Amino acid sequence: MSKYLVVVESPAKAQTINKFLGRNYTVKPSYGHVRDLPKSSLGVDVENDFQPKYVQLRDSSKAIKAIKEAAKKADRVLLASDPDREGEAIGWHVAQLLKSTDKPVERIVFNEITKRGVQEAAKHPRAIDENLVNAQQARRVLDRLVGYKISPLLQWRVRKGLSAGRVQSVAVRMVCDREQEIREFVPEEYWTLDAHLLTEAQESFTARLFRVNGEKPELPSKEAMDAVLAGLDDARYEVSSIERKEVRRRPYPPYITSTLQQEASRKLRFNPRKTMSIAQRLYEGIKLGDEGQTGLITYMRTDSIRVSQEAIGEAREYISQNFEPDYLPKKPVMYTGKKGAQDAHEAIRPTSAMRAPEAVKPYLDADQLALYTLIWQRFVASQMAPAVFDQTTIDIKANNCVFRATGSIMKFAGFTKLYQETQDEDEAKENGKRLPDMKEDETLTLDKLAPEQHFTKPPPRYTEASLIRALEEQGIGRPSTYAPTINTIMERGYVEREKGRLVPTELGEEVNKLLMENFADILDLGFTARLEEDLDRIEEGEREWHELLREFYRDFQKDLQEAQERMLGELGEEGAQCPNCGAAMEIREGGFGPFIACSNYPDCKTTKRPQRNNTEPTDEVCEKCGAPMVIRRGRFGRFMACSEYPKCKNTHNIDKDGNKVAKEPRPEPEKTDQKCPDCGAYLLIRTSRRGEPFYGCEKYPKCKFTKPKELDIGCPKPDCDGQLVPKLMKRRRFLGCTNYPDCDFQAFGQLDREHGCSVCGNAWTTVVKARGKDPVRRCPVPTCGHEEAVEESGSETQ
């Protein structure tokens, strides 16, 4: 009997699949990608029809060696990477590396890691889909061209270490555009008028002004409101019409990637990255007692709402067994997907509807259970009967005005008995509002008129969930890119989270401005969406991928050349030509930052590193030497400095608008009775720039001896009598024990003596703030380690 080698991406997936296949199958993980474009160069031969120059990843050497050894012992190789472009490309790269083994290589795909799904896939291997591979290659080359060509210009104009990306830069633009809308927003006054009325049976209700003289009321001022009120003096309020109708609300379709990320953000407060990480674990398999390692959900990167007939049948069976007959529709509920969705995949659903959350609760942690419950409830509810509401609309005539009252009462819960999507506040109020019984021509009694002033509000800042929805609506990115895109723009400091909302940083706005000035096409939402559609057409075999790259690069190169010339012009290098070969000079990125180099490289290796004038003039004068102050850019952003530097080293912090921020005076050093071990002088308690107290010699700067000041905090590690002191390792500050190396305790973050641990009662905690993420309060006790979100922290910087 033939022996097979099955290659998957991860060890967890390998472990789950291994138990479903017989002993003639060996499963090996590739640990993700095995080849990619090189980090040290463009890696794309533009002159040779954009041929990628792939290199084997150093971290994959061990995995590839194990795969090759296993392939030699097998008769055939089955590539079982994920069922999308990225998975197809990973399989293709593995196949390229296995060519030397001369073994037949085939592809198997499955949307769920279950015994049935895996065994069925193994019976129907196919060839690698070149169209999927080419779509992924085209995306990778496009991203490399944009990132590799634009990033040096950003580093030249802004600062070292910055980068641009084809999708990430558009996402940053959307956040910056929304922030600009908010800044430019001018509130407009408007008024509403509510009538508090009583029926003949003395039941009260409220109706809102709906029409004035048959038109929608425009009430921009108190004067306009007063005019309406004057017209209602001695008015008779009479019911002019009553409309009652039955409204049926269909259940929502099962989740796709974007809707899962949005709902997990709203209901569970998970960011997209966390959602996808947990979903990946549920997909690859969880150990369920005697049942063993089992995949609990289908593949989680999908934009299709298609569901298999077997899964629909199982959901209907569960509903019939656990709900009253009215909750099961006579026919299965079918959904129509959006145009362009990849229907080769299914929606995100549980691998078995019969596996209710209560059944798997003992085997899942809290986060896994919460996400699985969300997915299971949404899927099962998608096959339930609609919810039915009695909706009533009542119009009340009063002179030339019409007031309207609306109410909606649930008549039959339907799918909402199992699952309810989050609603906005107004919708939730209306759905629970019951109106009293009335009849047409009934005369009502006015209790009071309640005019209220309002002001229009600016559009809200994006949350991670609403930004994903906006990206999806604009056709930008695909299911596999939403979470990484948001994570990237936050990690690179272009966007940060503020009270749960995304706000562009000063750096993000500066980068966005530069890109908009020079590469408006790349940041154009419509252009980016069309590019995504072209990639989909490549996947469907409707477009040749080299043709797309040629078309893109033709316009991109023109924009790039113009941007290069503008920046070289600022350096006095406009129209600069190589002194050795006469070719144009261009800005490139090197290990020590951007530089000017000959465009004819590698045939000509001429380089130049001219000085840049990266200062901005100000109206401020240096209070120490009288010279003008300028704005410079350093490692930590913009600051104000004396123009006579290095003769005068006076500096000031500045705000976002470039205004000087006054420095808080440092406390005077406090003398101690401790002697300096280097020179014998007394030690002083000084305060660092970060506000940290430390011991320093009174003879400074002649003697530069320093040591950390004691914190009077004992080491929380069991059986250790050491004291904690501030330490520094690889430019990162932390609290360490004086008994090191016998005690290796470490605590990172800011020391907070005011807030102890709410779980174990430890008297102090640390507040950890990662870039782009909300701060977290963490207990330092090794046996506890409790974490909780924190908005503000009263803390000492350590």
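The values are calculated or read from the model by the stated rules, or taken from the named source; none is laboratory data. On a predicted model such as this, the values are computed, not experimentally measured, just so you know. Neighbour counts are summed over all protein chains in view; Cβ atoms, including those assigned to glycine, are modelled from backbone coordinates with ideal geometry. The area values use the complete protein model at the heavy-atom level, side chains included, leaving out ligands, DNA and RNA. Shrake-Rupley method; radii C 1.70, N 1.55, O 1.52, S 1.80 Å.
Listed here are the residues, each with its yes/no results for (1) part of a strand (DSSP E or B); (2) within 22 Å of the chain's Cα centre (by Cα); (3) at pLDDT 85 or above; (4) more than 27 Å from D177 (Cα to Cα).
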residue	(1), (2), (3), (4)
E496	yes, yes, yes, no
Q564	no, no, no, no
E574	no, no, no, yes
G582	no, no, no, yes
R588	yes, no, no, yes
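Considering only residues that are buried (at least 18 other Cβ atoms within 10 Å of the Cβ) and part of a helix (DSSP H, G or I), which ones fall in region 537-560? Please lay out each step first, then the result.
Within region 537-560, the first condition is being buried (at least 18 other Cβ atoms within 10 Å of the Cβ), and the residues that meet it are 538-539, 543, 545, 548-549, 552-553, 556, 560.
Scanning region 537-560 gives I538, E539, W545, L548, L549, F552, Y553, F556, L560.
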State whether one or more residues within region 108-120 are part of a strand (DSSP E or B) and either of a type outside the set (F, W, Y) or under 24 Å from the mean Cα position of the chain (by Cα) (or both). yes
Give just the number: which of (1) touching a helix residue (DSSP H, G or I) at 6+ places or on another chain (Cβ under 8 Å); (2) among the charged types (D, E, K, R); (3) more than 30 Å from M384 (Cβ to Cβ); (4) surrounded by 12 or more Cβ atoms within 10 Å (Cβ to Cβ) does E218 not satisfy? (4)
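Within region 651-669, does at least one residue satisfy the condition of being polar (S, T, N, Q), over 30 Å from R183 (Cβ atoms) and open to solvent by less than 100 Å² (accessible area, probe 1.4 Å)? Before the answer, list the steps.
If we filter region 651-669 for residues that are polar (S, T, N, Q), which is where we start, we get 651, 653, 659.
Next, from what is left, pick out any that are over 30 Å from R183 (Cβ atoms): none.
No - not one qualifying residue is present in region 651-669.
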Could you give me the residue pairs with C-beta distances under 9 Å whose first residue belongs to region 306-328 and is open to solvent by 90 Å² or more (accessible area, probe 1.4 Å), whose second residue is of a type outside the set (A, V, I, L, M) and in a helix (DSSP H, G or I) wherever it lies, and which are 6+ apart or on separate chains? E310/R116; D326/G414
Qualifying positions in region 499-522 - closer than 22 Å to I468 by Cβ and at pLDDT below 90: K499, G500, I522
Evaluate region 593-609: report whether one residue or more is in contact with an Asp or Glu (Cβ under 7 Å, 6 or more places away or on another chain), modelled with pLDDT of 80 or more and open to solvent by less than 30 Å² (accessible area, probe 1.4 Å). yes
Among the residues in region 316-323, are any part of a loop (DSSP other than H, G, I, E, B) and at pLDDT below 95? no
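Specify which of the listed residues (V380, V402, V388) is touching a residue at least 12 places away in the same chain (Cβ under 8 Å) and in a helix (DSSP H, G or I). Quick ask: steps written out before the conclusion?
Values: V402 fails: in a helix (DSSP H, G or I); V388 fails: in a helix (DSSP H, G or I).
Testing whether each residue is touching a residue at least 12 places away in the same chain (Cβ under 8 Å) and in a helix (DSSP H, G or I) leaves just V380.
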Taking the conditions exactly as written (open to solvent by 80 Å² or more (accessible area, probe 1.4 Å) and closer than 21 Å to Q750 by Cα), does D712 satisfy them or not? yes
Residue under evaluation P350, criteria (1) open to solvent by 40 Å² or more (accessible area, probe 1.4 Å); (2) closer than 30 Å to I476 by Cα, criterion not met: (1)
So which pairs qualify, if the first residue must be in region 513-526 and over 17 Å from Q474 (Cβ atoms), the second must be charged (D, E, K, R), the Cβ gap must be under 7 Å, and the two must be at least 6 apart or on different chains? L514/R157; N518/D559; F519/D559
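Has region 248-257 got at least one residue that is assigned to a helix (DSSP H, G or I) and either open to solvent by less than 20 Å² (accessible area, probe 1.4 Å) or of a type in the set (S, T, N, Q) (or both)?
Within region 248-257, one or more residues are assigned to a helix (DSSP H, G or I) and either open to solvent by less than 20 Å² (accessible area, probe 1.4 Å) or of a type in the set (S, T, N, Q) (or both).
Does region 87-106 hold any residues that are in a helix (DSSP H, G or I) and open to solvent by less than 10 Å² (accessible area, probe 1.4 Å), and which are they?
So in region 87-106, the residues in a helix (DSSP H, G or I) come out as 87-97, 99-101.
Selection gives G87, E88, A89, G91, H93, V94.
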Y645 being aromatic (F, W, Y) and open to solvent by 90 Å² or more (accessible area, probe 1.4 Å): yes
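Picking from V109, V118, which residue would you name as being under 16 Å from L5 (Cα atoms) and open to solvent by 50 Å² or more (accessible area, probe 1.4 Å)? Let's see the steps before the verdict.
Numbers: V118 fails: open to solvent by 50 Å² or more (accessible area, probe 1.4 Å).
Exactly one of V109, V118 is under 16 Å from L5 (Cα atoms) and open to solvent by 50 Å² or more (accessible area, probe 1.4 Å), namely V109.
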